[in-house]
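Have a look at the structure below before the remarks.
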């Protein structure tokens with residue numbers, strides 16, 4: 001179990017980003033984290049992968065545990081050795097390297113299983129096998145996202161932290177990414193999925209959280225969040241009756257207050 005409890009994080013010693021956040025990612029499950037930009041989603045992922053310090057962030061209070069052992073002070077390399085891999089928003093592939101070289105970088109922490117892990121990645125992402133000698137910077141956006149995910153899988157992580165994997169991708173590619181996430185989970189990897197495409201995220205997740213202004217405001221099974229009127233209106237763009245919002249203005253200037261904010 002990967003978990004945080006009553007977590008408070010600040011940037012530059014003064015700017016609060018997370019305020020008493022508690023969240024759990026059980027082994028072998030997909031957990032979706034929804035919320036608007038600036039709500040604290042990426043900060044939570046940085047906390048769970050040891051990347052807070054390079055953004056001048058720090059844990060003020062609370063605990064971060066892996067299998068009930070405190071791990072909140074670990075650096076990024078130590079998190080990776082413990083089997084937690086973070087796929088950053090924006091893909092961040094090494095564009096000058098080939099596809100295979102990018103994957104080899106991801107397999108550095110588990111070099112003994114490099115061959116088998118690469119075979120697994122090529123099975124999950126056949127397009128990467130076809131492009132393995134090509135330069136990563138010449139891949140399409142969807143292919144680069146697959147490469148970023150494949151690189152993280154090269155050390156066979158227990159937990160995969162995905163930050164906006166569908167961002168900027170065509171609907172058909174989003175469906176492919178969705179199916180691959182499900183398959184990765186079916187193979188035993190726990191996933192924390194930060195995703196603006198709430199419909200996609202909740203359709204495959206076991207549990208879901210909604211974060212706003214650094215606080216968890218909803219915490220329910222994913223199927224229940226999909227049916228919740230507030231979630232449908234404010235995150236899926238649907239009204240209480242299931243109809244699409246008439247305009248962006250209807251979504252931006254909420255027609256009724258969120259129940260959790262009242």
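Derivation of every value follows stated rules applied to the coordinates shown; laboratory data play no part. Keep in mind it's a predicted model, so treat the numbers as computed, not measured. For neighbour counting, all protein chains shown are included, and Cβ atoms are generated from backbone atoms with ideal geometry for every residue, glycine included.
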Q: Over the Cα atoms of segment 86-156, compute the convex hull volume and normalise it per residue, giving Å³.
A: 72
Q. So, in nm, how far is label residue 22 from label residue 1 when the simple model puts each one 7 Å beyond its Cα toward the Cβ?
A. 1.1
Q: Could you please state, rounded to a whole Å, how far the C-alpha centre of segment 8-42 is from the C-alpha centre of segment 116-142?
A: 31
Q. So if we plug the beta-carbon distance of residue 56 and residue 220 into 1/(1 + (r/R0)^6) with R0 = 35 Å, what FRET efficiency do we get, rounded to 0.05?
A. 0.55
(Q) Calculate the FRET efficiency for residue 98 and residue 123 from the Cβ-Cβ distance with a Förster distance of 22 Å, rounded to the nearest 0.05. (A) 0.70
**Q.** On Cα atoms only, tilt of 141-153 relative to the major axis of the chain in degrees
**A.** 70
Q) In which sequence would 162, 147, 124 go, from the one with the fewest C-beta neighbours within 10 Å to the one with the most? A) 124, 147, 162
Q) Which entry in (1) 36, 21, 14; (2) 24, 21, 20; (3) 30, 23, 16 matches semi-axes √(5λ) of the Cα gyration tensor in Å derived from the coordinates of this structure? A) (3)
**Q.** Two-decimal Rg to Rh for segment 11-54 - Kirkwood Rh, Cα set
**A.** 0.98
Q. What's the extension gain from residue 138 to residue 105 if we count 0.36 nm per residue and subtract their Cα-Cα distance?
A. 10.1 nm
Q: Of the DSSP beta bridges with both residues in the chain, give the percent that are antiparallel, rounding to the nearest 5.
A: 60
Q) In degrees between 0 and 90, to the nearest 10, how far off the longest principal axis of the chain does helix 114-124 point, with axes built from Cα atoms? A) 50
Q) So what is the relative contact order for the chain, in percent, with contacts set as C-alpha pairs under 8 Å and at least six apart? A) 24
Q. Using Cα pairs under 8 angstrom and six or more residues apart, how large is the relative contact order of segment 86-156, in percent?
A. 53
(Q) Using a 10 Å cut-off around each Cβ, can you sort 189, 63 from fewest to most neighbouring Cβ atoms? (A) 63, 189
Q. How do 174, 210 line up, fewest other C-beta atoms within 10 Å first?
A. 174, 210
Q: Just the number, please: Stokes-Einstein D of segment 138-243 in µm²/s, Kirkwood Rh from C-alpha pairs, 10 °C, 1.306 mPa s.
A: 107
Q) Can you give the calculated 222 nm mean residue ellipticity of the chain, where each DSSP H run of n ≥ 4 adds -39,500 (n - 2.57) and the sum is split over every residue, rounded to the nearest 500 deg cm²/dmol? A) -9500 deg cm²/dmol
Q: For segment 1-127, list log₁₀ I(q)/I(0) at each q in 0.12, 0.16, 0.18, 0.23 Å⁻¹, using the Debye formula over Cα point scatterers of equal strength and ignoring solvent, two decimals each.
A: -0.55, -0.91, -1.08, -1.41
